[in-house]
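Step one of this worksheet: look at the structure below.
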Amino acid sequence: MPDAYLLDTSIATIAWDGGHPSHALVRERLAALGDDPISVCAISIGETEYGLQVSPGIDIERSQAVRNAMSQYQAWQIDHHTGTTYGQLRGALFKRYAPRDKRGRLAAKRPEELVDKTTARELGFQENDLWIVSVAIQYDLHLITRDKRIERILEIARDIFGYDRADVWDIPMLPKAGAG
């Protein structure tokens, strides 16, 4: 039975952007997966489109090439089953990592309450990462990411759902051509 892969935005955007310094390396690694289906989820489409909208200086041809590449991938949708998985993951993350009051009760209910907003990324509680992992669990997909911050979420996913189908690829950020 073939494996089915879900690309996290951190890998998908490099695969779609021929101008990215690590594009060839990611395409090579994806080709090594053989004929197994490779997909993304609606969250990655949204994150990428947002990036294209706000990236200063990205040319129209490059943006269109990224959009054309995106359209070649199956995109899993978010539904009520995804929402249930997301809620269970998020709840478990907060039970494990949220601060507690003197009586041992949770003192916070939202990620924004855990630390100030400028350092929230360090927690690894990116909302979109939770959604992407939820899609991978829901459809039993092998998740590929380069985002090491997702490991806390994957730890909870193993504990609750027995999900252990994720790989964190080490894809270096290569300097842009002409940089030095």
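Assorted remarks:
- Hits in region 142-155 - residues which are among the hydrophobic types (A, V, I, L, M, F, W, C) and in contact with a Lys or Arg (Cβ under 7 Å, 6 or more places away or on another chain): Leu143
- Search result, residues across region 5-46 that are among the acidic types (Asp, Glu), under 25 Å from Leu154 (Cα atoms) and surrounded by 19 or more Cβ atoms within 10 Å (Cβ to Cβ): Asp8
- Close contacts from region 1-24, counting a first residue that is of a type in the set (Asp, Glu) and a second that is in a loop (DSSP other than H, G, I, E, B), with Cβ to Cβ under 8 Å and a gap of 6+ residues or different chains, come to Asp3/Leu33; Asp3/Asp36; Asp8/Arg146; Asp8/Asp147.
- Selection from region 78-107 of residues that are of a type outside the set (D, E, K, R), modelled with pLDDT of 95 or more and exposed (fewer than 14 other Cβ atoms within 10 Å of the Cβ): His80, His81, Gly83, Thr84
- If the condition is being assigned to a helix (DSSP H, G or I) and surrounded by fewer than 16 Cβ atoms within 10 Å (Cβ to Cβ), then region 63-77 contributes Gln64, Ala65, Arg67, Asn68.
- Output for region 1-16, where each listed residue is at pLDDT 95 or above and in a loop (DSSP other than H, G, I, E, B): Ala4, Asp8
- Residue in region 110-120 that is modelled with pLDDT of 65 or more, not in a loop (DSSP other than H, G, I, E, B) and not polar (S, T, N, Q) present: no
- For region 21-42, the condition of being of a type in the set (A, V, I, L, M), within 18 Å of the chain's Cα centre (by Cα), under 18 Å from Ser10 (Cβ atoms) and at pLDDT below 95 holds for none of the residues.
- Tally of residues being at pLDDT 95 or above, surrounded by 12 or more Cβ atoms within 10 Å (Cβ to Cβ) and farther than 16 Å from Leu30 by Cβ across region 160-180: 4
- Test: residue in region 85-101 that is without any contact (Cβ under 8 Å) to a residue 12 or more places away in the chain and closer than 17 Å to Leu7 by Cβ: no
The values are calculated or read from the model by the stated rules, or taken from the named source; none is laboratory data. Being a predicted model, the structure only gives us computed values, none of them experimental. Virtual Cβ from ideal backbone geometry, glycine too; neighbours counted across all protein chains shown.
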